[in-house]
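We did not get these values from a lab; they are worked out from the coordinates using the rules stated. Nothing here was measured: the structure is a model prediction, and the numbers come from that model. Neighbour counts run over all protein chains shown; Cβ positions are idealised from the backbone, glycine included.
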Amino acid sequence: MPRVKLPSSGPCLLIVVLLFSSVGFAQTATILRGTNVRKIPNTTSAILETLHQGDLVTLRSTRKRAGYYHITASDGTVGWVLAKNVSTSATSTGPGMRAGNKIAIPCPAAIAGAGATITDCPDTGCGPSLDPNLNKQKNIATDNDPPVDKGFSFLAALPDPVPDFGIGDTRDKLITLGEGQMIRVVALALKARVGGKESCNCGLAKPADTDNHIVLVDPSVTNPTLAKDETTSQTAEFTPRVRLTHSKLVGMDLQALIAATPNQALLVRVTGVQMFDSEHSLGPFHLKRKNNWEIHPVFGLEYCPTDKKCTQESDANWVDMEK
C-alpha cells in the first residue's frame, strides 16, 4: 500500500498557528471619554457611532495603528477609536480582589433593526464582554415586595468592594448583604442624567431604551451642590424595562422637577431594589459617588413640594411622580 506523504511543518504550520492565535484574542477595554468610532484609523474617516465615558469595548488587537485601536463596540459595531481615549488596564483593583469572568452573548437579529426596542433585548443583555448575572439584576422588571424603610447612610455603610466577590460570580454573597430587597430611602435629588449605551440594554441608544442615573445626597445637607456633594452621593436608576409598566418614571421629567426648585435640590422618597454595581466597583472606571451600592431599578418615586413638609414615615404631602 503506498504511503501518503504529509506536508512538512514549516511556514504553513506557522501561518495556521498565527491564524488560530489571532482568532482567539479578546481583551475588554473601557472608554475614558467621549470618542468616535471611525471606519478607518484617521480623523477624516466616516464616523460609525459615538462612544461615551465608561462604555466597554473589545480590542480586536493590542497593536495600535496610526494611534488607533481596532475595536468591537457592545452593539457589535467594528471600527477604530483613538487609543488615548481607551483604558486597557486590567480590572483587578488590588490584593484579594479579582475581576472574575465575563462572557460574550450575541445580540438578537432584531437589535440591529431601526425599530429595535428594549423588548427585543434579553434580560442578560448582549455584547462581546458582559456579566450576565449583573445584567439580570439590573433588568428586574417587576417586584411586588413591600419596601423596607432605610436611612440615607444605609447603602454607604455596606462593604465596597465586597470581599472575595468577582465580576461574573453568582450574586449569593451580595444577597447576604441585602441585594434584591425592596428598600425606600428619602434623599435630595440633585441630577437625573441621560443614559448611554450599555450591554444590559443591548447597546440601544434611544432615551426610552436607556437608564437614567439619579444623583442622591443626604437630606440633611444644607445647600447641596454637585460640585460639593457628588462624591458622597448614592445612585438610583430608572430603567427601560420598568418603564414598560411605569411609563412616567422618566429622567427628563424628574430633571425638570429638580430644576424648578430654588436650590436645584428636590426632596424625594425613592422605592426600588438594593443592588451592587460590581462592574464599577471592580472595573477600571469609577463613578463619582460614595460607593457602588444603588437603588436599581427604581419602582416608585415621590417628591415633596417646596412649600410642604414631608417625612419618611408619613405619606402626607408626598406627590407620586406617576400620578
Tilt of helix 11-23 relative to the longest C-alpha principal axis of the chain, in degrees (0 to 90, nearest 10)?
10 degrees
Give the longest segment of the chain that steers clear of chymotrypsin sites (Phe, Trp or Tyr not before Pro) in DSSP loops with at most 16 neighbouring Cβ atoms within 10 Å, not counting the sites themselves.
26-284
Net charge of Cβ neighbours under 12 Å - reference Thr58; Lys, Arg +1; Asp, Glu -1
0
Provide the net charge surrounding Thr222, with neighbours chosen by a C-beta distance below 12 Å and charges set as Lys +1, Arg +1, Asp -1, Glu -1.
-1
Per residue, how big is the convex hull around the C-alpha atoms of region 26-87? Give it to me in cubic angstrom, could you?
66 Å³
To the nearest µm²/s, what D does Stokes-Einstein give for the chain at 25 °C and 0.890 mPa s, using the Kirkwood radius over alpha carbon pairs as Rh?
114 µm²/s
Charge context of Leu130, other residues only, Cβ under 10 angstrom, K/R +1, D/E -1
-2
Give the shape of region 171-323 as rounded, prolate or oblate, defined through the alpha-carbon gyration tensor: a ≥ b ≥ c are the square roots of its eigenvalues, a/c under 1.5 means rounded, and otherwise the shape is prolate if a/b is larger than b/c and oblate if not.
rounded
Beyond 20 Å, what share of the Cα-Cα pairs of region 163-248 is found? Please give it as a whole percent.
53 percent
May I ask for the Rg/Rh ratio of region 207-267, computed from Cα atoms with Rh as the Kirkwood radius, given to two decimals?
1.01
